[in-house]
Amino acid sequence: MELPPPDYPAPAKLNLFLHVVGRRADGYHLLQSAFRLIGLADTLRFRVREDGAVQRVNDVPGVPAAQDLAVRAALLLKEACGTALGADIEVEKRIPIGGGLGGGSSDAATTLLALNALWKAGFDREGLAEIGAGLGADVPFFVFGRNAWAEGIGDRLRELEMAPRWYVVLAPPVQVPTQAAYTAPELTRDTEALKMEDFSAFPAGFAADAATGRLHNDLEEVVIARFPAVREHLEWLRRHAPAARMTGSGACVFASFEAREAAERVIAVLPASMHGFIAQGLERHPLHEL
């Protein structure tokens, strides 16, 4: 009897803040952010094929197999290492699609990490990050596998130590196209750059920073002006946690708490018309040692 393939987690992330500090000549935006891994995760499973084919074996609503970043990552890795092997890929989604939690990018990173081992491709973490960068700016972070201070286009990463926290995350029933947020004419693109050391008090200073506006998400105003559901969810969460903000390019919004009990009190009064969950901040990617 053949054993089922092992589960490979692909965790979500939060942008604890997101500043747009400039724009390159090629149109890419220069960013500063702090990436936090959280406990919500997709699950991927892989079976190595001898015939070289790469295919997703299950349906994922809203994500055609040809556009799935996990499939595309597998094909890029196969090309890069020249293996004759292939893979069946199963993707069990839990991370909301189009929510700014990095689900597709995380699936791609987990695919690179897992198949690098299963195919014995031999790439180190830096090599896998370089392959994944062509799929999206968040993929190198998930390959990096640690909470990080991010600069450049999100590709310059330094490990960032973070205190234990719990997060309430609300998922409005909309998908926000990342490109639409970044190309909005009213987007602020000249936020003053911070130093990583300026961030050292976080998360203890989360509420204070929210009050002063020193840490924020530059995409937030653009998105809530275009997506009333995001505004509604953010306004509700801020009534319970004034420092709440949007993650990434949306649509999800979140608030940080020192204790799970405090997060549970907020979720307990969430209106039935809204969807949300509690997630613990992670210290490292579950596959960091792979």
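The values are calculated or read from the model by the stated rules, or taken from the named source; none is laboratory data. All values derive from a computational prediction rather than experimental measurement. Cβ: placed from backbone, ideal geometry, glycine included. Neighbour counts: every protein chain shown.
Numbers for the structure displayed
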item: Filtered residues of the range 239-287 (kept if over 10 Å from L170 (Cβ atoms) and aromatic (F, W, Y)); result: F257
item: L44 vs. criteria touching a residue at least 60 places away in the same chain (Cβ under 8 Å) and closer than 24 Å to V168 by Cβ; result: no
item: Leading residue by the ranking (farthest from the chain's Cα centre (by Cα)) among those in the range 268-290 that are buried (at least 17 other Cβ atoms within 10 Å of the Cβ) and within 23 Å of R231 (Cβ to Cβ); result: L270
item: Complete set of residues in the range 215-260 that are outside any loop (DSSP other than H, G, I, E, B) and at positive phi; result: none
item: Those strands (runs of 3 or more DSSP E) lying entirely in the range 24-116 with at least 2 residues within 28 Å of L282 (Cβ to Cβ), out of contact with any His (no Cβ under 6 Å at 6 or more places or on another chain) and assigned by TED's automatic domain parsing to the domain that holds A12; result: 29-49, 86-92
item: Options L290, L282; residue that is within 23 Å of S106 (Cβ to Cβ) and at pLDDT 95 or above; result: L282
item: Residue within the range 107-125 that is free of Cβ contacts under 8 Å to residues at least 40 places away in the same chain and touching a Pro at 6+ places or on another chain (Cβ under 9 Å) present; result: no
item: Residue tally, condition surrounded by fewer than 21 Cβ atoms within 10 Å (Cβ to Cβ) and either more than 13 Å from the chain's Cα centre (by Cα) or closer than 18 Å to F199 by Cα (or both), over the range 136-156; result: 7
item: Hits in the range 160-174 (condition: over 15 Å from L14 (Cα atoms) and surrounded by fewer than 24 Cβ atoms within 10 Å (Cβ to Cβ)); result: P173, V174
